[in-house]
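Working notes, structure below.
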Amino acid sequence: MIAIDTNVLLRYLLWDDEEQAKKADALIKGTSAVLVTDIVLVEMVWILRGKRYELNKTEIIKTINSLFEEINIYFENPQIIWQALSDYQKAPIIKLASKNKTADFSDSLILNKAKNFAQMRFGKFGGFYTFDVAV
């Protein structure tokens with residue numbers, strides 16, 4: 001198994017640098033299993049949602065789903081990623097004074113990782129606290 005950084009994953013998905021994209025493609029479609037850590041996944045979402053690429057929520061969900069279809073890609077805990085993706089997809093839009101806001105994928109992932117850890121370690125989960133009103 002190998003692990004890849006966010007920039008390798010982005011080159012593979014975007015093909016915006018042909019030389020690096022070919023290397024990323026060879027790694028991901030090679031003979032080794034490829035680990036995409038939770039941090040890499042969250043960084044990928046932040047970058048794709050940002051000013052340079054401006055992917056919307058639907059496109060982010062589609063992108064993460066496409067990673068599950070890759071035979072060589074593995075996640076730290078795919079069930080938690082699936083649940084976080086489901087929660088992210090269902091998150092309602094909250095109208096704030098100047099704009100609409102919704103929970104981020106990272107918020108959904110934090111919540112689901114915390115629930116899983118708490119239930120395994122302590123048997124129950126006491127809640128998720130944040131100052132982010134959309135969560």
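Yes/no matrix, rows are residues, columns are (1) under 24 Å from Trp15 (Cβ atoms); (2) basic (Lys, Arg):
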| site | (1), (2) |
| --- | --- |
| Glu59 | yes, no |
| Ile64 | yes, no |
| Asp104 | no, no |
| Lys113 | no, yes |
| Arg121 | no, yes |
| Gly126 | no, no |
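Pairing each residue of the range 39-63 that is assigned by TED's automatic domain parsing to the domain that holds Pro92 and closer than 18 Å to Ile93 by Cα with any residue that is in a helix (DSSP H, G or I) and of a type outside the set (Val, Ile, Thr), provided the two are 6+ apart or on different chains, yields no C-beta distance under 8 Å. The set of residues from the range 4-15 being farther than 21 Å from Ile61 by Cβ, surrounded by fewer than 17 Cβ atoms within 10 Å (Cβ to Cβ) and free of Cβ contacts under 8 Å to residues at least 24 places away in the same chain comprises just one member, Asn7.
The values are calculated or read from the model by the stated rules, or taken from the named source; none is laboratory data. No experiment lies behind these values; they were computed from the predicted model shown. Neighbour counts are summed over all protein chains in view; Cβ atoms, including those assigned to glycine, are modelled from backbone coordinates with ideal geometry.
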